[in-house]
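Report on the following structure.
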Amino acid sequence: MSVIIKPLVTEKMNQITEKMSNRYGFVVDKKADKQQIKNAVEQLYNVKVVKVNTLIVPAKKRNRYTKSGLIAGSVSSYKKAIVTLAQGETIDFYSNI
């Protein structure tokens, strides 16, 4: 089971990372706990994790107007983890591009 699904690279997360240079966001499995997330990040990126904060982003309803009428759908919920690294540690998400 893969705990980390993908890193969060959004404008809001980039602002948090610029403000506090040792915080990074990840989309994680809903069943994963903080200890599993900490171990997965430490193994994957070879860094020392100090703290993990998690939150579940709720599902949202979306409507779209098309030629055929109104189409209703939803965006599924997911679990987000904000990981605080030790002082001086960094993660480079763009090194593989």
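What follows is calculated from the coordinates using simple rules that are stated; it is not laboratory data. If you're wondering where the values come from, they're calculated on a predicted model, not measured in any experiment. We place every Cβ from the backbone using ideal geometry, glycine too, and count neighbours over all the protein chains shown.
Of LEU44, LEU8, all but one fail to be touching a residue at least 24 places away in the same chain (Cβ under 8 Å) and in contact with a Gly (Cβ under 7 Å, 6 or more places away or on another chain); the exception is LEU8. All of LYS31, LYS12 fail the test of being among the basic types (Lys, Arg), more than 11 Å from the chain's Cα centre (by Cα), assigned to a loop (DSSP other than H, G, I, E, B) and at negative phi, apart from LYS31. Which number in (1) under 19 Å from PHE93 (Cβ atoms); (2) in contact with a Pro (Cβ under 7 Å, 6 or more places away or on another chain) marks the one condition that SER77 misses? Of (1) under 19 Å from PHE93 (Cβ atoms); (2) in contact with a Pro (Cβ under 7 Å, 6 or more places away or on another chain), only one is false for SER77: (1). Mind listing whichever residues of the range 34-60 are outside any helix (DSSP H, G or I) and out of contact with any strand residue (DSSP E or B) (no Cβ under 8 Å at 6 or more places or on another chain)? Within the range 34-60, ASN46, PRO58 meet the criteria.
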